[in-house]
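Structure, as structure tokens:
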Amino acid sequence: MDMTKIFTFLPVPTTIHFGIKSRFLVAEKAKELGAKRTLIVTDQGVVGAGLLSDVEKCLREAGMEVAVYDRVIPNSSLSIVREGVKLMKDSRAEVVVGVGGGSSLDTAKAVAVMAGNPGDFADYIGMHKFKNPGLPVIALPTTAGTGSEVTIFSVITDDQKQEKTVAGSPHLCPRVALCDPELTLSLPPAVTASTGMDALAHALESFTNQNTQPISDALTLKAIELIGEWLRPAVAKGDNLEARYWMLLGSLMAALGFSSTRLGLAHAFAMPLGSAPCNLAHGVANAVMLPSVMEYNLMANIPKFVQVAKAMGECVEGLSALDAAYQAVEAVKKLSQDIGIPQSLKDLGIKEEWIRSISEEAMKSGNIAVNPRKPTLDDMIEICRKAF
Ligand SMILES: [Fe+2]
């Protein structure tokens, strides 16, 4: 670590309530925020799994008016945000309650912030564009992955350009997160796997990048340990509440860490890989890119990758530091394989002729600047080829 460099830890403004049945705090927290009318933003998957009923009932029994927008789709879009904003205005909601995975929570945040800012969400793409706070958001995650319940980011697809865009602002950060592991029990194995690998990528990229620092490291190293231990059991047996508990905590801790550091090349690639024509799930894109990204980055910070290997349960005794660092790559590959994630871009339907444009798009990411090594376009193409 460079001790001559000042580091900054950004505490998130979110009050976190973590634990089994914490979802039932929703009415109390909405009241504390001064709400009589609430808007729930969610998706059909959450409704179909019966996850909304307790939250909605709790709010109604507390005497609140509840409007429900349940049409969020995976990789939510600007047009979805606009629909949500219209319902927010029509219902005169005072608090927005997001229930779901990254897409629903990012949409809830995007809808809420527009209550205090004129124009269209598309006008605010980029960092720190929102001047004013919007409505407060209570976030209830139903996946252990994005950490959107505590981040300043909203990832929304531009319908016309068919590409993912990111807005980042403290005004997007939820005021309250109710992290209830029971809400993640019904998540299917494939989604548990991909969202879990996203959380691992958050922890790993934050822990090894150029902005790494002792406070975020404490969060992300613990997250790597938790995810390394509990992702397999959570995929194998979805109703394992212990596994769900630690996975939700791992994804939360990873997000609290990367909020101060940003990420790295896997997430840079995940943007074009999550956009047309690739359209990969975010976690799958990260999982498939991580091993080749780690191999590229490893020599920039060998001791850190040794720590990752150890945190993931690898035995590194008797190995040279370099060999021990490579064990981190093997550990990630093994985990990803064991939980059934396709191991190459080719297997995921990506065409070889797309590699250049994927790499060019990835180079535009803000995560490039903080990556352990500064890549050229040729490096990016080579990393992408290795994952192919
Ligand atoms: Fe991510």
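The values are calculated or read from the model by the stated rules, or taken from the named source; none is laboratory data. All figures in this text were calculated on a predicted structure; none of them were measured in a lab. Here Cβ is always computed from backbone atoms with ideal geometry, including for glycine, and neighbour counts include all displayed protein chains. For the accessible areas, the whole protein counts, side chains as well, though only heavy atoms, and no ligand, DNA or RNA atoms are used. Shrake-Rupley method; radii C 1.70, N 1.55, O 1.52, S 1.80 Å.
Miscellaneous remarks
- Length available on full extension from Q162 to I302: 0.36 nm per residue minus the Cα-Cα distance, which gives 46.6 nm.
- Residue-span extension gain [A321 to D379] - 0.36 nm each, minus C-alpha spacing: 18.5 nm
- P(r) tail for segment 240-388: Cα pairs beyond 19 Å make up 56% of the total.
- Taking the alpha carbon gyration tensor of segment 127-192, multiplying each eigenvalue by 5 and rooting it gives semi-axes of 24, 18, 8 Å, largest first.
- Largest-first ordering by accessible area, 1.4 Å probe, given options R262, R71, R37: R71, R262, R37
- Angle in degrees between helix 377-387 and the longest Cα principal axis of the chain, rounded to the nearest 10: 90 degrees
- Rounded to the nearest 10 square angstrom, K86 shows an accessible area of 130 square angstrom against a 1.4 Å probe.
- DSSP-defined beta bridges in segment 15-184 - what % are antiparallel, rounded to 5: 20 percent
- Solvent-accessible area of H202 with every protein chain in place, 1.4 Å probe, in Å² to the nearest 10: 10 Å²
- If you sort F7, F121 by accessible surface, 1.4 Å probe, largest first, the order is F7, F121.
- Among the protein heavy atoms of the chain, carbon and sulfur supply 54% of the accessible surface, probe 1.4 Å, non-protein parts ignored.
- Given K222/K374; K304/K334; K36/K89; K161/K374; K237/K310; K129/K161, the pairs whose alpha carbons are separated by over 22 Å: K222/K374; K161/K374; K237/K310
- Distance (nanometres) between label positions extended 7 Å along Cα→Cβ at K386 and K36: 6.1 nm
- Taken over segment 163-255, the ratio of Cα radius of gyration to 2.2 N^0.38 Å equals 1.13.
- Segment 15-184: C-alpha pair distances exceeding 23 Å, %: 29 percent
- Ordering G119, I40, G98 by the projection of their Cα atoms onto the charge dipole of segment 15-184, which places +1 on the Cβ of Lys and Arg and -1 on the Cβ of Asp and Glu, puts G119 at the extreme positive end.
- Cubic angstrom per residue, convex hull over Cα atoms of the chain: 124 Å³
- Accessible surface, per residue, of the chain when the full set of protein chains is kept, probe 1.4 Å, Å²: 40 Å²
- Take F207: with every protein chain present and a 1.4 Å probe, its accessible area is about 0 Å².
- Looking at segment 189-316, the pairs of alpha carbons with a distance over 19 Å make up 46% of the total.
- Straight-distance crosslink candidates among lysines, where the alpha carbon sits under 17 Å from K31 and sequence neighbours closer than 8 are dropped: K57
- Secondary structure note: in the chain, about 20% of the DSSP beta bridges are antiparallel.
- Fully extending the segment from A190 to A218, taken as 0.36 nm per residue of separation minus the present Cα-Cα distance, adds 7.2 nm.
- When only the Cβ of Lys, Arg, Asp and Glu is charged (+1, +1, -1, -1), the dipole of segment 189-387 relative to its Cα centre reaches about 220 debye.
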